[in-house]
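The block underneath contains the structure these notes are about, expressed in structure tokens.
The values are calculated or read from the model by the stated rules, or taken from the named source; none is laboratory data. Note that the structure is predicted; figures quoted are calculated from it, not measured. When we count neighbours, we look across all protein chains shown, and the Cβ atoms used for this are built from the backbone with ideal geometry, even at glycine. All accessible areas refer to the heavy atoms of the entire protein, side chains included, with ligands and DNA or RNA removed. Shrake-Rupley method; radii C 1.70, N 1.55, O 1.52, S 1.80 Å.
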Amino acid sequence: MPTPDITPGAPCWIDLMTSDTEKAKTFYSALFGWTYETGDQEKYGGYITASKNGQMVAGIMQKQEDMAQMPDVWSTYLRTDDIKATTAAATANGGQVYMEPMEVPEQGSMAMYGDPSGAAIGAWQFGEMKGYELAAESGAPAWHELLSKDFAAAVGFYENVFAWETSVVGDTDEFRYSTLGAGDDAKAGIMDASGFLPEEVPSHWGVYFAVDKVDDTVEQALALGATVMQPAEDTPFGRLATLTDPTGATFKLAEDLKQAG
């Protein structure tokens with residue numbers, strides 16, 4: 001399969017911060033057919049790279065003890081060609097810097113921000129590592145979506161900080177949604193979630209993984225210790241489901257995904 005075309009500002013990588021890397025590896029290997037390579041402990045902190053059919057799709061890392069109170073979580077990273085300028089822009093546009101730019105030896109540079117609606121989003125500047133090598137194929141990331149409690153501020157943030165050119169898909173109180181790019185070229189979406197996210201649930205990014213059959217994958221995931229958060233349902237964008245893995249990290253499944261743009 002050809003390597004995904006990852007343009008500046010677009011999602012380029014995902015990783016899982018988990019309280020149990022071995023449990024996570026076992027679960028996602030059984031569910032998606034992933035294989036793993038663990039990086040040098042001293043150089044890369046034992047960062048685990050997951051691959052599907054020999055192509056990199058995601059990372060897995062052990063949650064640190066001082067973050068024990070935080071839930072296990074999947075994170076999305078957006079490509080930047082100048083991570084220092086992006087970090088300055090994040091601050092200037094109402095965001096917070098959760099992690100200052102950090103060079104990962106030979107691989108690239110990373111940072112983590114909180115957008116104005118409170119959602120965490122990563123930034124990655126390419127070095128030797130140029131993002132995931134497989135996307136929108138079974139067992140690989142297929143779509144990235146921000147559920148935001150402050151839709152207007154979030155859209156403005158990604159337009160100004162990551163130079164998104166957005167397309168309006170819906171603009172009613174029932175369905176307010178914008179995408180990075182339009183139509184088949186759409187790379188990610190922002191949904192106004194102010195009307196349905198519970199008070200205790202913050203704005204957040206979610207990752208959809210492509211699968212051949214959502215219902216079969218949900219059944220398999222349950223047998224492996226997952227929990228269903230939103231049962232499989234047909235939508236205008238494909239058949240979708242939301243689950244948590246055995247340690248509580250939320251992820252989503254998509255069958256026959258149709259771009260929201």
Per residue, the convex hull enclosing the Cα atoms of the range 17-155 spans a volume in Å³ of 125 Å³
Pairs over 30 Å Cα to Cα, from LYS23/LYS258; LYS43/LYS258; LYS25/LYS213, come to LYS23/LYS258; LYS43/LYS258
The chain: relative contact order from alpha carbon pairs under 8 Å, six or more residues apart, as a whole percent, is 19 percent
Quick note, the chain: a/c under 1.5 would make it rounded; otherwise a/b > b/c is prolate and the rest oblate (a ≥ b ≥ c, C-alpha gyration tensor); here it is rounded
When the chain is treated as a Gaussian network with springs between alpha carbons less than 10 Å apart, the largest mean-square fluctuation among ASP234, ASP215, ASP15 is found at ASP234
Each label sits 7 Å from Cα toward the beta-carbon; between ASP66 and MET229 the label points are separated, in nm, by 2.7 nm
As straight-line cross-link partners of LYS84, the qualifying lysines (C-alpha separation under 19 Å, not fewer than 8 residues apart within one chain) are LYS130
Plugging the Cβ-Cβ distance of ALA182 and GLN55 into 1/(1 + (r/R0)^6) at R0 = 35 Å yields, to the nearest 0.05, a FRET efficiency of 0.80
Over the chain, with neighbouring protein chains present, the accessible area per residue in Å² at probe 1.4 Å is 47 Å²
The percentage of the accessible area of the range 125-225 (probe 1.4 Å, all protein chains present) made up of carbon and sulfur atoms, to the nearest whole number, is 46 percent
